[in-house]
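Colleague: Please read through the structure below; I'll follow up with questions.
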Amino acid sequence: MPVGIFRVCLVVITAIVNHPLLFPKENGTVPENAEEIIRKMKEREESLRLEQLRLEQEIADQEATQKALEKAAKIVEESKEEKVRWDMWTALSMVIFLLIELWRQDFQEGNWQDTGGEEDDMAVLGKAFKGVAFPDKAVLASFYEKRILGTTGDMARMREMVEGFADDLLEALRSVCNRDADMEVEDCMGVGSMYENWRVRKPFVCDLIVPFAPPEPYCFRSQTWCSGDSFPPDEQGYGTIKVCRADEDVTGCICDKTKLGEDMLCLLHSQANTTRPSSEMEDLLCFKNTQYLDADQVMKWFQIAVTKAWNRISHKYEFDLSFSLLDSPGALKIKFRSGKSIAFNLTPVVQYENSDVYFISHFPRSSLAADLPSSTHWFLTFAVYERRFIQLVSKTLPANACHVSCLQILSFLHGKQCSLTGPSGLTNYHLKTVMLHLLQARPSQDWAPEKLEARLQDMLKFLEKCLQEKKLYHFFIGNGKVPAELGFPIIFQRAEPLNLFRPFVLRRDVYRKTVDTFHEMLRNMSALINEYTVHIPLAHTNGIHKESL
């Protein structure tokens, strides 16, 4: 009972204490504060939700960017692998192509040297000969006797006269030069068609070369494209000439190749040897501020020296002497009072080491020849060895061999055709190169006089093949079969073959004109020969045909 009464009292007291009227002010603001708190909590919740959405968006963007980067990296990696595979295939294909090209060139070059034994190959060639009426033996023999053979005596007399005058002129030139400062001029040598007895076209022009050397204590040190240093393809066949002191070792010391400091001196060379005034080198005909011999300076010096020499001896002769070409240093013309004239070339050259190869200052130009890279680049001429080779081979050929006759007839036909249709890229030097290749390839008995017709056809077919392939190799450069008796420098035998028809690849217009002129010459060959041939009775011609069968 007391416990129940205590509980009832406790409930009553609790009800009274918690009655809202007991604390009217405090309890009256509770609803208002609760609503404010709820509102703020909702705003906070909304801001948190927006922040969460923003973060989720940023995370999604980052993941997308990361995936894109990973995808791009994968694509780059795949492309690199594919490029490596492609580069490997490209390199492999290039190697295979180069091997095939090298094999093809070697095969062609091998056939080139063995032309004499390939009669069938010669028959396959000569497509341009289809339908061409080739003159027979009787007509060719009559043409050669009437038109060409009679010029031999004229050439001999002209050579004798020109050589005698040139010797006198050079002797006078030495007398007017300063032996201590000017170049030293040696005796002249005859080269070219006039001295190989195959010149047929008038006017006859003698080609003489004059070696010269610098005064003491200087010397020439030459460098060719095949001496080991890299020369671009358009400079093959050329070289440079450096003027040095005789006691200067340009290959053993680096003082001339490396710029030394101001406080450093070369122990091998004194300052006087390593530093030369510019005027001194120009007096030695060098290009400005260099030690390299300048062809233009040589031309000016030689023309002035020849003029002084002629003024000294002109009273001895009853003719006038003048320069016929301004761009050629030694193109001279003798003019007699009767009006007749004789032209000859007296060209200064520099000897290559101790050989008969010469650097020539100016070379006869043609439409195929390219301009010199610079005036310090000199062309190499092998004319002395070419003349010597022809003389050497001629000793092994039958009497009255037809090799020179073939070259003379071909030169005449080409010259006549060019006079009708204009010049072409072919020159007489190309025709002589064809003859030199066939002389080496064919047996000696194939050049008997009665085989003139066959050998002339061989030269024309060989030339046609070269034009088709745009390849005619220099006879001496890269030819390992040059007879040892000639004493030809081994450095040129081991060099890469020099293609004389390389400009045809670069100049298609000249090539097209040259091929058209060649084909036109073939079509007009019979007419050109018959024009200078005595009429031969038909019965006599048929008899010759029967004898040859």
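Colleague: Ranking request for peptides 333-339, 401-407, 156-162: highest mean number of other beta-carbon atoms within 10 Å first, then the rest in descending order. Kindly include the intermediate steps, with their values, before the conclusion.
Modeller: Numbers: 333-339: 11.9, 401-407: 23.3, 156-162: 15.3.
Listed from highest to lowest mean packing, they are 401-407, 156-162, 333-339.
Colleague: If you average the C-alpha positions of the stretch 159-224 and of the stretch 312-364 separately, how far apart do those two centres end up, in angstrom?
Modeller: Each part reduced to its Cα centre gives a spacing of 8 Å.
Colleague: If I histogram all Cα-Cα distances within the stretch 295-355 using bins 5 Å wide from 0, what percent of pairs lands in each bin?
Modeller: 4, 16, 24, 23, 16, 9, 6, 2, 1
Colleague: What is the packing order of peptides 206-213, 389-396, taking the mean over residues of other C-beta atoms within 10 Å and listing the highest first? Before the final figure, lay out the partial values.
Modeller: Values: 206-213: 21.1, 389-396: 14.5.
Per-residue mean Cβ counts within 10 Å order the peptides as 206-213, 389-396.
Colleague: Still on this structure, I have one more. At a 1.4 Å probe radius, carbon and sulfur cover how many percent of the accessible area of the stretch 358-505?
Modeller: Ligands and nucleic acids excluded, carbon and sulfur give 55 percent.
Colleague: What whole-number value in cubic angstrom gives the convex hull volume per residue for the C-alpha atoms of the stretch 365-496?
Modeller: On the way: hull volume 17.2 nm³, N = 132.
Expressed per residue, the convex hull around the Cα atoms of the stretch 365-496 is 130 Å³.
Colleague: Here's another thing I want to ask about it. When you count, for each residue, the other Cβ atoms within 10 Å and take the mean per peptide, how do 417-423, 61-67, 450-456 rank with the highest first?
Modeller: 450-456, 417-423, 61-67
Colleague: On average, how much accessible surface per residue is there in the stretch 374-445, in Å², for a 1.4 Å probe, leaving out ligands, DNA and RNA?
Modeller: 32
Colleague: Need the C-alpha centroid separation for the stretch 44-81 versus the stretch 497-516, integer Å.
Modeller: For the stretch 44-81 versus the stretch 497-516, the Cα centre distance is 65 Å.
Colleague: Please compute the volume of the convex hull spanned by the alpha-carbon atoms of the stretch 174-232 and report it per residue in Å³.
Modeller: Taking only Cα atoms, the stretch 174-232 has a hull volume of 169 Å³ per residue.
Colleague: From the square roots a ≥ b ≥ c of the eigenvalues of the alpha-carbon gyration tensor of the stretch 440-514, which class results: rounded (a/c under 1.5), prolate (a/b over b/c), or oblate?
Modeller: oblate
The values are calculated or read from the model by the stated rules, or taken from the named source; none is laboratory data. It should be emphasised that the depicted structure is a prediction, and the values quoted were computed from it without experimental measurement. Please note: Cβ atoms are built from the backbone with ideal geometry, for glycine as well, and neighbour counts cover all protein chains shown. Note: accessible area is taken over every heavy atom of the protein model, side chains too, but ligands, DNA and RNA are not part of it. Shrake-Rupley method; radii C 1.70, N 1.55, O 1.52, S 1.80 Å.
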